Each structure stands twice: as C-alpha cells, then as structure tokens.
Amino acid sequence: MSRPQISRRSALLGALGALAFGSTTAACAPSATAPIGAGGNGAAPAGAAAPGGAASASPAAPRVPYDITSMLMPKKKFLGATFDGVPQSLAPVDAFRTTVGKAPNLLVYYLGWGDEFQTDQTQAVWQHGMLPYIAWEPFKKTLAEIGAGGEDDYIRRTALAIRDLNVPVAISFGHEMNGGWYPWGTKDSNAADFVTAWRRIHDRFQDVGCSNVIWVWSPNVINPVPTVRLKPYYPGDGYVDWLGVIGYYAKTGPHTFGTLFGPTLKEIRAFSTKPVVLAETASEPTPRKPADIADLFAGVLADPAVLGFVWFNLRKETDWRVDSGPDALAAFRSAAADPRIGFDVEHP
C-alpha cells in the first residue's frame, strides 16, 4: 500500500463475469478441462515438463477444496478487512466484530517473498469464518528473476503447502504494480516482466495440481498514475479470477465511488469482464469520513460486478480505522448492518 500516491476459469466463471459487467461476450477460458475457480489452474499431466525447466514431479490428484465456487461469486457482498498483527493473532478480528456489529468474512494479510507459507495460520483464518487473502510481496527478488525461473523451487513449495491445506485461498502478487512506490512497480520494473512473473507463478501452481487459489490481479486506481496503462500489466483472463482494485478516500482528490473507482473500472472493462473486489480501501479521518463510508457501501451494493471490499483498518500514516471517530464508527455500523453485505463462510 502506498500513501504518498493515495487517490488502489473456466468458461463458467468467464460467463458469470460477463453477466456481472453487462457484457455479451464471456471471457475466454484457458482450457476446457480447467476446474472452476482456479484461473485455468488445472493440474498438469503427470511428469509433464515445466516450461523452461525439467519435468516436474507427478502431482497428486487435485482434491475438491471447500466450496470454492461459492467464494468466487458469492450471493452477497464480502465485508473484508485487514488489521495489524494478523494472521498470527485473530484478536483484532473479534474486536472488529464487537465494534462494528458484524464480523469480516475476508481477511487480507501479507506474505513477503521468500517467507514460508504458514498453513496453521491460514487454516485458523478459514476456521474463523473468513476467506484467507494473501498479498504476496516480491521485495527480495526482482520480477525478472522470478520470471526466469530462479524462484521455482520456492513457488512450488508454497503451491504444495496451499494445495495440501485444501481450503480456498485468494492470492494477489505484486499489488499496485502500476505505481512507482514498490520495487516491482513502474520505476524499477516493467509490464512485460510483471506478466511473465505472474504467469510463471500461476503455472508452477498448476504443475502441482493446486486448484484452490483465487488469483487476484490488484492494480492501484489510475487517478495518481494516469499515464500508466493497465492492459500491458494484465496476465490474461486465463490467469486471473478477480480484479482487486485498490483506492482510498483521501483528504484531497476523488472522493466519490464514481470518481475514485470509476475511471479504473472503465479502463479495465475494456479488456476483462472478471468480477471486482476492492482489495484495499479506507477513508482519512476528516469530517467527510462518515459520508465516504456511506458512499463506499452504496457504490459496492449498487454494482453487481463488485463482490465486496477490504477495509484497511490500520493506523498507518493516518488513522484509517473505522473507529477513528464516533461519527465514522456510527456510519460504518449503520452501513454494515445491511443484510446484503457480509455472509457466513460455511465449512463442510
């Protein structure tokens, strides 16, 4: 997340996305045999050679993960959040539920590139009634290194751990790639390297039969970077399930749902009909914050293509939290009470 620049499978899923966006053309499916909910992430044939490398080990037969289809296109909207200290502790989640009157059902947390995936923590998130959403941040390696295959062992190890966990996990890689504030962004990398790295990660997951990932392509809203086009950074519908747009209601600049997110959604809809999740959003603590909150909920509820949002409930650079003031909290509690947003993540 950057604050200096604040203003961020199948044929069936493609068809659903097309309906959500009001398009008459369904997104192309990468494979007729690709399982629903994996961005075309079907298991490779046993012993098939990995592109640019030696033959991979025969993957285990893919297991059907806990109802991933209901997570991909839920009937109600996601009420997501992220907090300091998660997923090591889920106490902030319980505090949020008490504070706002409704529990989040989508939890974002961050994984540094090279760090090991913690299955116990992710399992705890799922059992706590939330879809785990991991923002995978490649600080330690360049996109070129990842795309060239130098990180394949680490990627496969992570993919195997997620596959064997066998619960739905949303993953975004290199979020806000269209901005210049991260090393994988526009100042130190380029669109071609981003796409190559993304596809390589996705393909290594495919090699081991990991089909329980929801792939989230997550650009920042274009308002602070209007000259950077998004299409060159898009890996393709066969590699993406959700469009995870990031954008914040700041003291200055766009401060309505239409002006904050509209230009980005319009640009994206020119090349993809995938559903949208607002992967990071919040409002600065100004007298306008209650109105911002009401506007966010109204915008999400009004657009069938938007599956929900993730509130950045941290004090970082400014106090983004829903309870930064009594008026803001009252507005959030009132809006969150709407039965159309938030739903129970059910387990078999």
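The values are calculated or read from the model by the stated rules, or taken from the named source; none is laboratory data. None of these values were measured; they are calculated from a predicted model. Positions of Cβ are backbone-derived with ideal geometry, glycine not excepted, and every protein chain shown enters the neighbour counts.
Quick notes
- When residue 133 is tested against (1) buried (at least 19 other Cβ atoms within 10 Å of the Cβ); (2) at pLDDT below 95, only condition (2) is not met.
- Whichever residue in the range 304-324 is touching a helix residue (DSSP H, G or I) at 6+ places or on another chain (Cβ under 7 Å) and not polar (S, T, N, Q) and, among such residues, is nearest to residue 76 (Cα to Cα): 308
- Taken together, 234, 182 contain a single residue that is within 21 Å of residue 113 (Cα to Cα), among the aromatic types (Phe, Trp, Tyr) and in contact with a Phe, Trp or Tyr (Cβ under 7 Å, 6 or more places away or on another chain), which is 234.
- Qualifying residue in the range 256-269 (condition: in contact with a Pro (Cβ under 9 Å, 6 or more places away or on another chain) and within 20 Å of residue 335 (Cα to Cα)): yes
- Residue within the range 93-105 that is assigned to a helix (DSSP H, G or I), surrounded by 20 or more Cβ atoms within 10 Å (Cβ to Cβ) and not aliphatic (A, V, I, L, M) present: yes
- Any hit, the range 147-167, residues being part of a loop (DSSP other than H, G, I, E, B) and over 29 Å from residue 232 (Cα atoms): yes
- Of all the residues in the range 204-256, those that are surrounded by fewer than 24 Cβ atoms within 10 Å (Cβ to Cβ), of a type in the set (D, E, K, R) and within 18 Å of the chain's Cα centre (by Cα) number 2.
- Flag for residue 327 being farther than 21 Å from residue 133 by Cα, part of a helix (DSSP H, G or I), in contact with a strand residue (DSSP E or B) (Cβ under 7 Å, 6 or more places away or on another chain) and at pLDDT 95 or above: no
- Residue within the range 310-323 that is under 23 Å from residue 258 (Cα atoms) and in contact with a Gly (Cβ under 8 Å, 6 or more places away or on another chain) present: yes
- Unique residue being surrounded by fewer than 24 Cβ atoms within 10 Å (Cβ to Cβ) and either at pLDDT below 95 or not acidic (Asp, Glu) (or both) when the list is 336, 279: 336
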